[in-house]
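Novice: Take this structure, written in structure tokens, and hold onto it; I'll ask about it next.
The values are calculated or read from the model by the stated rules, or taken from the named source; none is laboratory data. Not measured: the values here are computed from a predicted model. Quick reminder, even Gly has a Cβ in these numbers, built from the backbone with ideal geometry, and neighbours come from all protein chains shown. Quick note on the areas: whole protein, heavy atoms, side chains included, nothing else; ligands and nucleic acids left out. Shrake-Rupley method; radii C 1.70, N 1.55, O 1.52, S 1.80 Å.
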Amino acid sequence: MAAHRSTADILDAAVHVRQAARSATGGTAGLDAVLAALSEVMEYDHASLTRWDPLRRRHTTLAGSYPEDATAYIETRLHHDPVFPVLRSPARGGLWLRDVPRHLLAASPGFLEVLSPSASRTGWPSACSTPTAGTSAC
């Protein structure tokens, strides 16, 4: 369990995310620096920064820490998964995968075939503890 951090510490970490994002868009740092800064704001097991490519009709991973099979799923099939509309709902502001209704997880090929098996194979905590706030990952 992480030590309790003050509001000032969290806001300072958020400023580092903004600085990392500005550096990345300015070409002076890579997008991995954004993920590293984000980990100072919130803990996660794995995360990825992706963008939707409308011409290729798939996500492109810009930076990430997921295993290769999970990254491939996120890029090519996640947008068809029944869990995806729940995860990307702007009204929810991002979710922890454990907050997704169980009946959707049971119908999710990504959770059943990729994320859950990856969790046990790589020794991660359950994929249900993986945050998705602000990312296209779950």
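Novice: What is the list of residues in the range 37-55 whose amide nitrogen lies under 18 Å from a point 7 angstrom out from the Cα of T25, following Cα to Cβ?
Specialist: Residues 37-38, 49-53 qualify, since their backbone N sits under 18 Å from the label point.
Novice: How long are the semi-axes of the equivalent ellipsoid of the range 25-75, defined as square roots of 5 times the Cα gyration tensor eigenvalues? Whole Å, largest first.
Specialist: Semi-axis lengths for the range 25-75 are 20, 16, 8 Å.
Novice: Just the number, please: carbon plus sulfur as a percent of the accessible area of the range 1-87, 1.4 Å probe, no ligands or DNA/RNA counted.
Specialist: Ligands and nucleic acids excluded, carbon and sulfur give 57 percent.
Novice: Each label point is 7 Å from the Cα along the Cα-to-Cβ direction; what then is the distance between the points at R88 and D32, in nm?
Specialist: Inter-label distance under the simple model: 2.7 nm.
Novice: Next question. More than 23 Å apart: what percent of Cα pairs in the range 20-111 qualify?
Specialist: The calculated P(r) of the range 20-111 puts 29 percent of pairs beyond 23 Å.
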